[in-house]
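The values are calculated or read from the model by the stated rules, or taken from the named source; none is laboratory data. Note that this is a predicted model, so its numbers are computed, not measured. As a convention, Cβ positions derive from the backbone with ideal geometry for all residues, glycine included, and neighbour counts pool all protein chains shown. These area figures cover heavy atoms from the full protein model, side chains too; ligands, DNA and RNA do not enter into them. Shrake-Rupley method; radii C 1.70, N 1.55, O 1.52, S 1.80 Å.
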Amino acid sequence: NMLENKKVDLFLAAINQYTQSNVVENVEKKVNGKDFISWGENNQYPKFLWDLYSNCSTLQTIVNGTADYVCGDDIICNVPNFQTQVNKKGETIGELIAKIAVDYIIFGSFAIQVIRNINNEVSELYWIDINKLRSDEKNEVFYYSEDWNKSYGRVKTILYPKFNPKDSNPTSIFYFKGNKTRTTYGTPIWSAAVKNVQIENAITDFHLNEISNNF
């Protein structure tokens, strides 16, 4: 019988032993020739967190709801210059705190640009997008860029010193991070759930692809 002379190798596997992780690690490292500390693989960790937030309805609901609790029904400011608005854009203290609350929950940190007038008085406060900010190791100098996606040699940055009440810098950065570790950047309070958020997004994408291709 011809079938008896043939050997067939049959491999059965219920689970593929090779798995690939797409989780971007929250690593910090010094870049050769640069004074700022890279935040995540390819300096893209905050963008990774923002993309997760933008694409996960569950995470958005939790973050936005928590930020609403932070702001409450009203925010009362007892500083005369900031009782009506905090900058020339006309933003109120409530609008500023709403922005930094969202950043703190997503990224574990937030930043405010502090502007002084000619009398060396704090005159304006502006929210700074954490996604566009990097820092030296000790959070003494901050680097702002509209696009960190470019190669390091092509990234254009603006340098700001750390805010100090006793300094006279016309503009500086007040930076706050919630984690008590020695890391340069903050750690989001939901960092342990990053994989869960990725799974939810992947399931949503899977079902969308199924529907788009008529199952």
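Any residue that is surrounded by fewer than 17 Cβ atoms within 10 Å (Cβ to Cβ) and assigned to a strand (DSSP E or B) - is there at least one of those in region 129-142?
Yes, there is a match, as at least one residue in region 129-142 is surrounded by fewer than 17 Cβ atoms within 10 Å (Cβ to Cβ) and assigned to a strand (DSSP E or B).
Just to verify a result, which residue in region 24-52, among those that are part of a strand (DSSP E or B) and more than 20 Å from I158 (Cβ to Cβ), is least open to solvent (accessible area, probe 1.4 Å)? Break it down stepwise before answering.
First, the residues of region 24-52 that are part of a strand (DSSP E or B): 28-30, 37-39.
With more than 20 Å from I158 (Cβ to Cβ) added as a condition, the list becomes 28-30.
Working: E28: 61, K29: 116, K30: 114 Å².
Per the criteria, the residue is E28.
Just one of (1) exposed (fewer than 12 other Cβ atoms within 10 Å of the Cβ); (2) at pLDDT 75 or above trips up D9, so point out which.
So D9 meets the others, but not (2).
Considering region 143-165 alone, what residues qualify as being without any contact (Cβ under 8 Å) to a residue 40 or more places away in the chain, out of contact with any Ser or Thr (no Cβ under 8 Å at 6 or more places or on another chain) and not in a strand (DSSP E or B)?
Once the filter is applied, which keeps residues that are without any contact (Cβ under 8 Å) to a residue 40 or more places away in the chain, out of contact with any Ser or Thr (no Cβ under 8 Å at 6 or more places or on another chain) and not in a strand (DSSP E or B), region 143-165 yields E146, D147, K150, S151, G153, R154, P165.
Could you list, ordered by first residue, the pairs with Cβ atoms under 6 Å in which the first is in region 111-136 and farther than 18 Å from S38 by Cα and the second is charged (D, E, K, R), at least 6 apart or interchain?
Final answer for the pair search is I115/E124; V122/R116; W127/K99.
Considering each of I189, I97, I158, I173 in turn, give the residue that is among the β-branched types (V, I, T), buried (at least 19 other Cβ atoms within 10 Å of the Cβ) and within 22 Å of I37 (Cβ to Cβ).
Working: I189 fails: buried (at least 19 other Cβ atoms within 10 Å of the Cβ); I97 fails: within 22 Å of I37 (Cβ to Cβ); I158 fails: buried (at least 19 other Cβ atoms within 10 Å of the Cβ).
Of the residues listed, the single one that is among the β-branched types (V, I, T), buried (at least 19 other Cβ atoms within 10 Å of the Cβ) and within 22 Å of I37 (Cβ to Cβ) is I173.
Is it the case, given these coordinates, that I115 is aliphatic (A, V, I, L, M) and either within 22 Å of I105 (Cα to Cα) or modelled with pLDDT under 95 (or both)? Before the answer, list the steps.
On the way: aliphatic (A, V, I, L, M): yes; either within 22 Å of I105 (Cα to Cα) or modelled with pLDDT under 95 (or both): no.
No; evaluated as a whole, the condition is false for this residue.
Against the condition over 21 Å from E25 (Cβ atoms), in contact (Cβ under 8 Å) with a residue 24 or more places away in the chain and surrounded by 14 or more Cβ atoms within 10 Å (Cβ to Cβ), how does S168 come out, does it pass?
Criteria not met by S168.
Based on what the data block shows, is D68 exposed (fewer than 14 other Cβ atoms within 10 Å of the Cβ) and at pLDDT 90 or above? Walk me through how you get there before you give the answer.
Values: exposed (fewer than 14 other Cβ atoms within 10 Å of the Cβ): yes; at pLDDT 90 or above: yes.
Yes, satisfied.
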